[in-house]
Amino acid sequence: MERIGKTTKLVREKWKTQFNPPDDLENEKQYKERWRSIYIIYFTMFSMSLGFSIIVTGVWPYLDRLDPLAGKEFMGYIVAANPLAQMLFSPLVGWWSNKLGYIRVPVVISLIIFGVSSAMYSSIEMLDDNRKYFMLASRFLVGVSSANIAICRSYLAAATRYSERTGAVSMISLAQVIGFIMGPAIQAGVVPLGNEGFFLVQNKLKLDMYTACGWISVLIAVANIFMFLPNVFVEHKIAGREAMLKQKKDNVKDTYKMHRPSYFATWTLIVSFFVIVFNFMLLETLATPLTMDQFAWSKSESLKYTGILISVGAVISIITSLAIPHLSKHFSEVKIMVWGGFFFMVLGRAIYIPFNNDPPLVYDHDLKLKLTFFCDRTIKNSSFDVANFNRSELGAFSFNLTGLESLGNNDTVELIKTATLNCGDDLLGCPSTQEWCNEIPALTITNFVIGLLLTTFGYPMGITLIQTLVSKHLGTRPQGVWMGLLTGAGCLSRVLGPVCVTHIYEELGTIWTFGITTAMMIATLLWLIYFEDRITPKEIVAMDEEEGEELKNMCSNKEKDQENHM
């Protein structure tokens, strides 16, 4: 009991110290309000990232159910629609926020759009035609809403002291990473609802393992909106006041002149951000179709197992992100970014290049389409007359229909599913339309798991420290537009990633897909190593410290001159 009492006292003393800043920049109430607003920003980053990733592993089987002719390439467009909208609107929202001087209104409007578009995604099956285009539109609108990420990053830079910046950015990155990684885990968690699910509105609105994700996003959006009410979210921008105090200036704008950002370093970091997000999106986009093709997993198996693996990766990412502030006390942030982030991402990509294995199992894609369409016209069409069914519609595949018309409704459905290999869903493996499946070695489950774990270790290291370093290079100046550009770079990679990699994967296979991305990561790694000194930011110091350093240098130079004369 005595040990517990001492531990409780230490924790209480720690929080007491935190709530009493050692200077006149803020009082205890302002401190608590400032950090409450930062926690709300963390949650907003989490919800926006979750809104993107929660459908990534499920979008392919969902799209395939809504429109079997859409194909993987159109799936790439749907995944890319979100970041395309975010890329287009992030600088605009950042500029709008800078003009307003606060972020509440832009964030609340964006969250309303997020909720509406998520509901739209889960209601697509109510439509009869053009379903794939409505799915595309819903994901584009979710991307518009997630443009608020730029102003969240900008606000975080303004609402933290320089000494708090690395820890705060690591936490906002942690929230973002958890959102990215927990999305597929939630998708795996709702798999028990099944493909059929149940109706919320009879014969109109269904809740199943695909639509549940959209409704979860709606609930998160509503909760997030309430967090931005005036009595909950209170904006406190302390970075400018801290710079004024250190530099002994009368206004914030004068502090900008004392800290000129390195545009070379900033743009290098923005490009690096593009590369690392591109490679992470490669894995999230291809995870489901890749495992279905390479390991002959069914839709539900792929959603379940990839969700479990990504959940394990989420734990690794959380531990990694929490370790960053402690590591940065002992090592250069640039070195941690390079060797802890990019190096492990290189390994994670390279291990996906397959060697010395047999090709994957291949199925007849045309036969699967015929079976799917047959089931759509029979099981889902109540006016279907089984006695008048034309057997030739299945081409080479046929079965005995004798006595089928005498069976009950449920028995008929089950017999049709059995005879058509579960409406084609039991035809597993790599589709025959991907000709490379007959030649290129299959990826092993071991390589897939190791590559995924290496990626979930390196990715949070990389993106966290890139954002931290960009924020420190820009200093106290308003960062809405620059954070919009950083966000836009990440969005561009999430636009090009799904579109390019799905196209390369479908046409050329795994060796080209992972070979090209590995080369990208190696080139970026070497660039960062070569320009390490120029990427390392310089801290703003207090005027008296700066004057003392100058005086010290002058005395040192004078002593050297005297020694030379002697």
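Given a 1.4 Å probe, how much area per residue of the stretch 46-119 is accessible, in Å²?
I get 31 Å² per residue for the stretch 46-119.
Near Phe226, within a Cβ-to-Cβ distance under 14 Å, what is the net charge of the other residues, with Lys and Arg +1 and Asp and Glu -1? Present the calculation step by step, with values, prior to reporting the outcome.
Details: positive: Arg36, Arg104; negative: none.
The answer is +2.
Per the 1.4 Å probe, what fraction of the accessible area of the stretch 266-345, in percent, lies on carbon and sulfur atoms?
76
Where does the stretch 143-242 land on Rg(C-alpha)/(2.2 N^0.38 Å)?
So the stretch 143-242 has a normalised radius of gyration of 1.46.
Quick query: amide H of Leu205 versus all other amide H atoms, modeled in the peptide plane; which residues come in under 5 Å with a sequence gap of 5 or more or a different chain?
Amide H to amide H, under 5 Å and 5 or more residues apart or across chains, Leu205 pairs with Leu200.
Which residues' amide hydrogens lie under 5 Å from the amide hydrogen of Val362, considering only partners 5 or more residues apart or on another chain, with H built in the peptide plane?
Cys430
Using the Kirkwood radius over Cα pairs, work out the Stokes-Einstein diffusion coefficient for the stretch 150-198 at 37 °C and 0.692 mPa s, in µm²/s as a whole number.
Working: Rh = 13.1 Å.
Result for D is 250 µm²/s.
Could you look at the stretch 66-186 and say what percent of its accessible area is carbon and sulfur, using a 1.4 Å probe and all protein chains?
Result for the stretch 66-186: 69 percent of the exposed heavy-atom area is carbon or sulfur.
Which order do Tyr363, Tyr530 take when ranked by solvent-accessible area (1.4 Å probe, heavy atoms of all protein chains), largest first?
On the way: Tyr363 35, Tyr530 175 Å².
Per-residue accessible area, sorted high to low, gives Tyr530, Tyr363.
In sequence order, what are the phi-derived ³J(HN,Hα) couplings for the stretch 188-198 according to the Karplus relation 6.51 cos²θ - 1.76 cosθ + 1.60 with θ = phi - 60°, rounded to whole Hz, with x for glycine and proline?
5, x, 9, 4, x, 5, x, 6, 8, x, 8
Sorted by accessible area with a 1.4 angstrom probe, largest first, how do Asp293, Asp358, Asp64, Asp366 fall? Don't skip to the end; give the middle numbers.
Numbers: Asp293 5, Asp358 125, Asp64 30, Asp366 100 Å².
Ranking Asp293, Asp358, Asp64, Asp366 by accessible area, largest first, yields Asp358, Asp366, Asp64, Asp293.
The values are calculated or read from the model by the stated rules, or taken from the named source; none is laboratory data. Everything quoted here is computed from the prediction, not taken from an experiment. In this analysis, Cβ positions are derived from the backbone assuming ideal geometry, glycine residues included, and neighbour counts consider all displayed protein chains. Remember, those area values only see protein heavy atoms, side chains included, never the ligands or the DNA or RNA. Shrake-Rupley method; radii C 1.70, N 1.55, O 1.52, S 1.80 Å.
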